[in-house]
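The next block holds one structure in the form of structure tokens; read it before the comments.
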Amino acid sequence: MIDRPVAIPQSVPHFLRSLRSLVLVILDRHGALIDANQGLYDLLPSAGPGDPQLSVDNVFLNPTVEELLARADGQYDALIYTGLVTLGDIDGDSESWIGHAYCRESWILVVCERDVQQERQLRRQLLQLTEEYAEQERELARTNRELTYYANEAKRLSLTDPLTGLPNRRSFDQLMQHHAKLARRHGDSLTILLMDLDRFKAINDRHGHQHGDQVLRDVAAVLTERVRAGDVLSRWGGEEFTVLAPKTGHAEGVKLAERLRLAIEAIPHAEGHLPVTISIGVAERRNEESTEDFLARADAALYQAKDMGRNRTISAEPIE
């Protein structure tokens, strides 16, 4: 330390005072703050120029002011430090800068600039984290789409007959309840066609189950082509099929059944193979009738068609 009087610079040059990319600090040889530019005060938002409470001892974290003074001891015109300088609030956030400290006879000048390499590394890390987060978001979105797809597919499969692709018994039951409710609400007609392939066991026994499966697919295809828009076709189970015909009375339902029966009868078959025919029971829903009774009357008409020789349509209602 020196105790002789020396000249002290008045302030940071004006053109450097407002710079934020540099930290310029002028200390006297006792470590007291003489002047600083805006770059320092940006690190200390609670303090400002001329703040009597500002102590640079709490700003220079590494090296400390004490360490800088020790390096300057006995030096009067020298570079006393170069390297990382940690600045900030001892009780809060801090930043590492690249710094240089110079001593003159009566003061110490500390100039710090941002560590460009560190900032680039931080930006790369931030970019990498952002990309990883975005990829996680994309992966989560893909997973959610897959879960939604599989959930919809599971629901579809639970309501679809895998052999023919038609709605299955479970699906039909749901649709039956829906259309029965609509018929009651609006006073509309609702007719069901309950169909059963004739001598299907014999077809399987004579030609094999693979051929029998193909017959079921052929029948499903023909029925799909012939039912009307709005009709609900399903595979009831085994060799049974159903058609639910909203806003249709039994007379029109019988006509529909006959068109379907004749179309099935016309399915070509190889020589020596049993022909494919179908028996159909038709019933129109009665007012306040339960779906169970509704189906039971159609089923009774179907059995009557079987008893009367098969390959025919029988209505549970009187034909006028």
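The values are calculated or read from the model by the stated rules, or taken from the named source; none is laboratory data. In this text, all values refer to a predicted model and were calculated from it rather than measured experimentally. Here the Cβ is made from the backbone with ideal geometry for all residues, glycine too, and neighbour counts use every protein chain on show.
Residues in segment 258-267 include at least one that is within 17 Å of Ile192 (Cα to Cα) and surrounded by fewer than 20 Cβ atoms within 10 Å (Cβ to Cβ).
Filter segment 270-320 for residues that are hydroxyl-bearing (Ser, Thr, Tyr) and surrounded by 14 or more Cβ atoms within 10 Å (Cβ to Cβ); which is nearest to His250 (Cα to Cα)? Give the derivation first.
At the first step, the residues of segment 270-320 found to be hydroxyl-bearing (Ser, Thr, Tyr) are 277, 279, 290-291, 303, 313, 315.
Checking the rest, the ones that are also surrounded by 14 or more Cβ atoms within 10 Å (Cβ to Cβ) come to 277, 279, 291, 303, 313, 315.
Values: Thr277: 22, Ser279: 16, Thr291: 16, Tyr303: 17, Thr313: 12, Ser315: 7 Å.
Restricting to residues being hydroxyl-bearing (Ser, Thr, Tyr) and surrounded by 14 or more Cβ atoms within 10 Å (Cβ to Cβ), the top hit is Ser315.
Looking only at segment 226-241, how many residues end up being of a type in the set (Val, Ile, Thr) and not in a strand (DSSP E or B)? Write out each step before concluding.
Taking segment 226-241 first, the residues of a type in the set (Val, Ile, Thr) are 227, 232.
Subsequent filtering for residues that are not in a strand (DSSP E or B) retains 227.
Count: 1.
Being free of Cβ contacts under 8 Å to residues at least 40 places away in the same chain and assigned to a helix (DSSP H, G or I) is the filter here, so list the residues in segment 207-220 that pass it. Within segment 207-220, His209, Gln210, Gly212, Gln214 meet the criteria.
Taking the criterion of being in contact with a strand residue (DSSP E or B) (Cβ under 9 Å, 6 or more places away or on another chain) and of a type in the set (Gly, Ala, Ser), the residues of segment 240-279 that qualify are Ala245, Gly249, Ala251, Gly253, Ala257, Ser279. The number of residues in segment 107-128 being part of a helix (DSSP H, G or I) and at pLDDT 80 or above comes to 1.
Annotation: Lys181 fulfils all but one of (1) more than 30 Å from Gly309 (Cβ to Cβ); (2) of a type outside the set (A, V, I, L, M, F, W, C); (3) more than 42 Å from the chain's Cα centre (by Cα); the unmet one is (3).
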